[in-house]
Amino acid sequence: MKELTDQELHNLAMNIVGRELEAQGYEFMGINSKPKKNPQFVCLKDKTLHFIVVRNVPFPEDPRNYDEALLNKVKEHALKFEARTFYAGVGLANAQDRRLPVYLNEAYTVEYAGLIEIS
């Protein structure tokens, strides 16, 4: 069994968020898959720019909690472009035992509450 790396977990979280954005009619202007390069998604919806920061959140942390200092910094940057800022925390855990790592080609659970606007 191969444990997923931090980058692979981040990519999985981005895929989950990206599929939801696509289903909701967002148009992707830019995508950055590096975990420390923010935002991960720059999207257009209803003629408004959206900056979206995606994070993989390990169990037992709450995926709705975010780094306020980081998100405020992203928001300051977004305001220069008249963009709205959102946080998307995705909790990923091993489906058999949440205390175990997520393994390649093994079942996992997703805890995702959707986009949280930073206002």
Relative to the first principal axis of the alpha-carbon coordinates of the chain, what is the inclination of helix 6-23, with its axis defined by its Cα atoms, in degrees from 0 to 90 and to the nearest 10? 50 degrees
Among LEU44, LEU71, LEU100, which one moves the most in a GNM of the chain with springs linking Cα atoms closer than 10 Å? LEU100
Give me the percent of DSSP beta bridges within the chain that run antiparallel, rounded to the nearest 5. 65 percent
I'd like the distance separating the alpha-carbon centroids of region 17-35 and region 70-119, in whole Å. 12 Å
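Counting Lys +1, Arg +1, Asp -1, Glu -1, what net charge surrounds LYS37 among other residues with beta carbon under 15 Å of its beta carbon? Don't skip to the answer; put the middle values down first.
Working: positive: LYS34, LYS36, ARG55, LYS73; negative: ASP6, ASP67.
So the surrounding residues net to +2.
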Roughly what angle does helix 68-79 make with the longest principal axis of the chain, taking Cα atoms, 0 to 90 degrees, to the nearest 10? 40 degrees
If you filter region 4-95 for trypsin sites (Lys or Arg not before Pro), then keep DSSP loop positions with at most 10 other Cβ within 10 Å, what is left? LYS36, LYS37, LYS47, LYS80
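May I ask for the net charge around LEU100, where only other residues with Cβ less than 10 Å from the Cβ of LEU100 are counted and Lys, Arg are +1 while Asp, Glu are -1? Let's see the in-between values first.
Details: positive: ARG98, ARG99; negative: GLU3, ASP97, GLU106.
Once all neighbours under 10 Å are counted, the net charge is -1.
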If you put +1 on each Lys and Arg Cβ and -1 on each Asp and Glu Cβ, how big is the dipole of region 6-118 around its Cα centre, in Debye rounded to 20? 320 debye
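What number, rounded to the nearest 500 deg cm²/dmol, is the helix-based mean residue ellipticity at 222 nm of the chain, given -39500 (n - 2.57) per DSSP H run of at least four residues and division by all its residues? Numbers along the way, then the final one.
Details: 2 runs with 30 residues, N = 119.
My calculation for the chain gives -8500 deg cm²/dmol from helical runs alone.
Can you give the net charge of the other residues whose Cβ lies under 11 Å from the Cβ of GLY91, counting K and R as +1 and D and E as -1?
On the way: positive: ARG55, ARG64, ARG98; negative: GLU61, ASP62, GLU111.
Once all neighbours under 11 Å are counted, the net charge is 0.
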Extending each Cα 7 Å along its Cβ direction at GLN24 and GLU106, get the distance between those two points in nm, one decimal. 3.2 nm
Largest fluctuation, ALA93, ALA69, ALA83 only, Gaussian network model of the chain with Cα springs under 10 angstrom, belongs to ALA69
Quick check for you: which residues of region 41-80 have the amide N under 16 Å from the point 7 Å beyond the Cα of ASP97 toward its beta carbon? 59-60
How high is the relative contact order of region 6-118? Use alpha-carbon pairs under 8 Å, at least six apart in sequence, and give a whole percent. 22 percent
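With the radius of gyration and the Kirkwood radius both derived from the Cα set of the chain, what is their ratio Rg to Rh?
0.99
A short reminder: the numbers here are calculations on the coordinates, not readings from a lab. Quick caveat: nothing in here was measured; it's all calculated off a predicted structure. Glycine also receives a Cβ, built like all others from the backbone with ideal geometry; neighbour counts cover every protein chain displayed.
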